[in-house]
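Before anything else, here's the structure in question.
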Amino acid sequence: MPSIELRRKDWKAVDADAVLLFVTEERVPELSRSLAELIPAVDDARRSGDLTGKAKSVVVIYAGKAIRAPRLLIAGLGPEARLSLETIRRAAASAAKRAAQLRIQHLALPTPTEDLGGIRPEDFLQAALEGAVLSQYRFAKYITTQQDNGLVERFTVCAPHTAEQRRFQPVVEFTRTLCEGVFLTRDLANAPPNEIYPETLAERAREAGNRAGFSVRVLNKAQIERLGMGGLLGVNRGSARPPVFIIMEYWGTRRSQPPIVLVGKGITFDTGGISLKPAANMSEMKADMHGAASVIGTLYVVARLRLPLNLVGLVPATENMPSGSAMVPGDILRFLNGKTAEIENTDAEGRLILADALAYAERYKPQAVIDLATLTGACVVALGHVASGLFGNHRELLERLKRAGERTYERVWELPLYEEYGELIKSDVADVKNSGGRPAGAITAALFLKHFIGDYPWAHLDIAGTAIAPKETDYMPKGGTGVGVRLLVELLRTWEPLPPDPATSP
Ligand code: BES
Ligand code: MN
Ligand code: ZN
C-alpha cells in the first residue's frame, strides 16, 4: 500500500512530485484568483476552458519556480450542491490515477480549511485519502515481467500549523489503517486458490492477528468433527485439503460486555461440487472466501485502532470439490445445533458452512451477529454489482447497516424474509433443504441461514455481486473489491448497544 503521512509543511514548500488541489465548479474563479500571483498558469487554464471543476476532471499545471513541487494537479469535484463523500473519493481516485500515469511517485495535498457543501474538513480529508489510496491497488505479486508498477507510492498531507496537525493526525492514522484493512482483504480475495486454501487462510488470519493485536485459534478437522459441524464437514468431503474453523477474538473493552460476532464464508474455491459449475468464469470462485477476507480485514482495522468494543470473527473454511468421496444430492447433514438439512444441490454450499458458524456464534451470547457471504448468483441478478443484499431480524441493526452503507458507499439493499418463501425450502425428509431452486434465490438462502441462528440480533449480507468487480471503476479494482471492511468499520466505530427489537423480543 502507498504510505500516507502528515507533515508540518506548507503545500507550497513541500518536496513532492506534485501537489493535489480540489475545486468545485463554482469555486474555479475563486481558486484561480487566489493563485493568480503565484501560479498565473492556473488562470490561463480557467480562461482556456480546461479548468472547469467538472466531476472527475483533472488538470495538470506546471507551476514553474513559484512552489517547490514541479506540478499542480487540480481535481474537479463537480457542482457544490452535489458534493458528497463519494464524489470526493472519485475525484481523488481520478487524480491519483492521472498522477500514476505521469509516473508521479509522491503526491502531496493540503488539509481542507473549511466546510464544503456541508462536509467537515476531517471527513473531506478521509474521503480524499480513501479514494486516492484505494485507487492505487494492484494484485501484481505473480507478475514477473514488469518492474515499474506505475503507482503512486507516497501521499503527504501538508499541515503547516500545530492546531491543524492535531486535528488531522487522527484522520490520517484512521484512514491509513482502514485502507490497510481493505488492501489485506483484496489481497486475500484475489490470491489464487493454490495459494489460499483453508490452512493458508488460517495462517494469514494468524499473521493479521499478530500485527493488529487479536487472538486467533484454528480448529482442525478432528476438532470440527468432535464439535459436530456436519455442514462444514459435508462440504469438505470432496476435498483433498482439510477444513478449518478460524476463531478470531479482539477484546477491546470489559470481558463482561458481550461481543459482536462477524461470520465470513470461507469457501477457498467453489467448483459447485457434484452439482458442478460450468467451466466459463469458474476461476472467479477463488474469491468465494471474500466474506472471510472481509471479516479478517475488519478485525485487523478494529484491533489496530483499539476500538473500545469486543469483536469476534468466525470463519468456516473449506474447498467445495467433486470427487468419489464428495457429498451428493440426497445426502442429509446434521449441523452443530442438531438440525438437519437435505442436500438438493451441492453448489448451495455456502449456507451449509455458515449454518454451523451461526450456531457456534450463540456460545458468545453476542450483542449482534453479522455474516458476510458471496452466497447467491440470484443476488447478483437482483442487485447487480452495485449493492449488497441485506437481510435480518432486527430493525435497528438493519437501519444502522443501511446508514453505514450510504456513508461509505458500500450500499446495502434490504430484501424481505416473508414466511411464504420458506415453502420453497421445505424438505420431506429433513428439517429443511439447501436449495429452493430459482425463485427468490437470495431470499431462500437467507431463510435457510435463519434456521441456524441463535437468540441474537442478526444481519446477513449477500456480497456475491459487490465482492467481485467485473471491471475497474474509480477506486475499485477489477476482481476482489474489499467490500465489507469500510462498511463494518463505519458501523463499529460509533457502536452503541442495540435497543430490544419489538418484532423479535418476547
Ligand atoms: N458462490 C456461489 C454464489 C456466487 C455466484 C458468488 C456468482 C459470486 C458470483 C454459491 O455457492 C452458489 O453456487 N450458489 C448457487 C445456489 C443455488 C445452487 C441454489 C447459485 O447462486 O447458483
Ligand atoms: Mn456454490
Ligand atoms: Zn459458493
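So if R0 is 41 Å, what FRET efficiency would residue 501 and residue 162 give, r being the distance between their Cβ atoms, rounded to the nearest 0.05?
0.30
Between 0 and 90 degrees, rounded to the nearest ten: what's the tilt of helix 395-408 against the longest Cα principal axis of the chain?
40 degrees
Let me ask something else. Please report 353, 332, 67 as a ranked list, fewest other C-beta atoms within 10 angstrom at the top and most at the bottom.
Details: 353 30, 332 15, 67 19.
In order of increasing Cβ crowding within 10 Å: 332, 67, 353.
Please find the FRET efficiency linking residue 222 to residue 147, where r is the Cβ-Cβ separation and R0 is fixed at 41 Å, and quote it to the nearest 0.05. Show your work: numbers first, answer last.
Working: r = 46 Å, r/R0 = 1.12.
Given R0 = 41 Å and the Cβ-Cβ separation, E is 0.35.
Hand me the trypsin sites (Lys or Arg not before Pro) from region 251-282 located in a DSSP loop with no more than 16 other Cβ atoms within 10 Å, in residue order please. Don't skip to the answer; put the middle values down first.
Numbers: sites: 254, 255, 265; in loops: 254, 255, 265.
Of the trypsin sites (Lys or Arg not before Pro), the ones in loops of region 251-282 whose Cβ has at most 16 other Cβ atoms within 10 Å are 254, 255.
Could you sort out which of 402/426; 56/265; 426/478; 221/471; 433/471; 9/56 sit more than 29 Å apart by Cα distance in this structure?
On the way: 402/426 31 Å; 56/265 35 Å; 426/478 38 Å; 221/471 37 Å; 433/471 35 Å; 9/56 27 Å.
Over 29 Å Cα-Cα: 402/426; 56/265; 426/478; 221/471; 433/471.
Using only Cα atoms, find the angle between the long axis of helix 121-134 and the longest principal axis of the chain, and express it within 0 to 90 degrees, rounded to the nearest 10.
It works out to around 70 degrees.
Moving on to the next point. Can you give the calculated 222 nm mean residue ellipticity of the chain, where each DSSP H run of n ≥ 4 adds -39,500 (n - 2.57) and the sum is split over every residue, rounded to the nearest 500 deg cm²/dmol?
Details: 15 runs with 174 residues, N = 506.
Calculated at 222 nm, the ellipticity per residue is -10500 deg cm²/dmol.
Within region 140-206, which trypsin sites (Lys or Arg not before Pro) sit in a loop by DSSP and count at most 13 neighbouring Cβ atoms inside 10 Å? Before the final figure, lay out the partial values.
Values: sites: 141, 154, 166, 167, 176, 186, 204, 206; in loops: 141.
Listed in order of number, the matching sites are 141.
Between the helical axis of 441-450 and the dominant principal axis of the chain, each derived from Cα atoms, what acute angle in degrees is found, rounded to the nearest 10?
It is inclined by approximately 70 degrees.
Then there is this: Multiplying the sequence separation of residue 325 and residue 438 by 0.36 nm and subtracting their Cα-Cα distance, what value in nm do you get? Before the final figure, lay out each step's value.
Details: separation 113, 0.36 × 113 = 40.68 nm, distance 2.74 nm.
Answer, rounded to one decimal: 37.9 nm.
Next question. So if R0 is 35 Å, what FRET efficiency would residue 427 and residue 254 give, r being the distance between their Cβ atoms, rounded to the nearest 0.05? Show your work: numbers first, answer last.
Working: r = 43 Å, r/R0 = 1.24.
For residue 427 and residue 254, the calculated efficiency is 0.20.
On alpha-carbon atoms, Rg over Rh for region 3-172 using Kirkwood Rh? All intermediate terms of the calculation are to be shown ahead of the outcome.
On the way: Rg = 15.5 Å, Rh = 16.2 Å.
Answer for region 3-172: 0.96.
None of the figures in this text is laboratory data; all of them are computed from the coordinates on show. Model, not experiment: these values are computed from the prediction. Cβ atoms come from the backbone with ideal geometry, glycine included; neighbour counts cover every protein chain shown.
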